[in-house]
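The values are calculated or read from the model by the stated rules, or taken from the named source; none is laboratory data. In this text the structure is predicted, and so the values were computed from the model without any measurement. Glycine gets a Cβ as well: all are built from the backbone with ideal geometry, and neighbour counts include every protein chain shown. Calculation scope for accessible area: heavy atoms of the full protein, side chains included, ligands and nucleic acids excluded. Shrake-Rupley method; radii C 1.70, N 1.55, O 1.52, S 1.80 Å.
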Amino acid sequence: IIDEFNNLNFHKSYNLSKKLDEKQLNEDILKILTISSFKIQNYQDTIKYGLKLYESKKLENDLQLLNILGISHSINKDYEKGNIFFEKYLLIEKTNISVKYNLALNYYEQKKYLNAEKILSEFISKKIEFKDVNLIYGIIHSELKNFDKAITIFENLLKKNKNLAEVFFNLGIIYQKINNFDLSIKYFNKAIKEDNTNCFFFNSLGVSQQ
């Protein structure tokens, strides 16, 4: 089992570990099961075995385990539990950009927009380019009804890349919210031109055209 795990054969290390009975699941095997489950995207088992490790108290401050449990709960849309592990991680290691971003996304999914904005504003102030930070930051300000600021954020994104369907779409949403339907139609059409497979773009265009 250990050899397969060390050779990054995660499916094999997972399958071999699953054949063991409960009494054989020592700390090392639980680690292998947790990480192997995560690597093969079996998040239910990641949580099952990861929590066994976490609740044993021996690894409750292990950063890898906290991150894995945070991500796995979040993928399963249990954002509240995901937050617990991300927040604990950041109490120990405050500088991990990926964990901060994932926590901000969880807050966003929970509609805790002020919490998410607080985290992402640090990215913006330090000019940290990471994944879709600027896009999410703009959407959050739109949700907070800070429309002028959101428009500025999206327009700055378009200066860097003129063909961003999601940015056009979110500009359309803002102008729809403030009843400027001509501009909302303009931006929904631009979004559709970039991506004509997204039904949300067409549905939103239809609303503005009514």
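The listed peptides 170-180, 128-138, ordered by packing as a protection proxy, come out as 170-180, 128-138 (highest mean of other Cβ atoms within 10 Å first). For the listed residue pairs K48/K126; K18/K81; K81/K193; K81/K190, the alpha carbons are over 29 angstrom apart in K48/K126; K81/K193; K81/K190. Of the GluC sites (Glu not before Pro) found in the stretch 40-90, those in coil by DSSP whose Cβ has at most 15 other Cβ atoms within 10 Å are E60.
Among the trypsin sites (Lys or Arg not before Pro) found in the stretch 32-67, those both in a DSSP coil and sparsely packed, with 12 or fewer other Cβ atoms within 10 Å of their Cβ, are K57, K58.
Heavy-atom accessible surface of the stretch 1-150, averaged per residue, reaches 57 Å², computed with a 1.4 Å probe.
Among H11, H73, the order of accessible area from largest down is H11, H73, computed with a 1.4 Å probe on protein heavy atoms. Per atom type, the chain shows carbon and sulfur on 50% of its accessible surface, probed at 1.4 Å.
Long hydrophobic helices in the chain, taken as whole DSSP H segments with a C-alpha length of 30 Å or more on their own axis and mean Kyte-Doolittle hydropathy at least 0.5, are absent.
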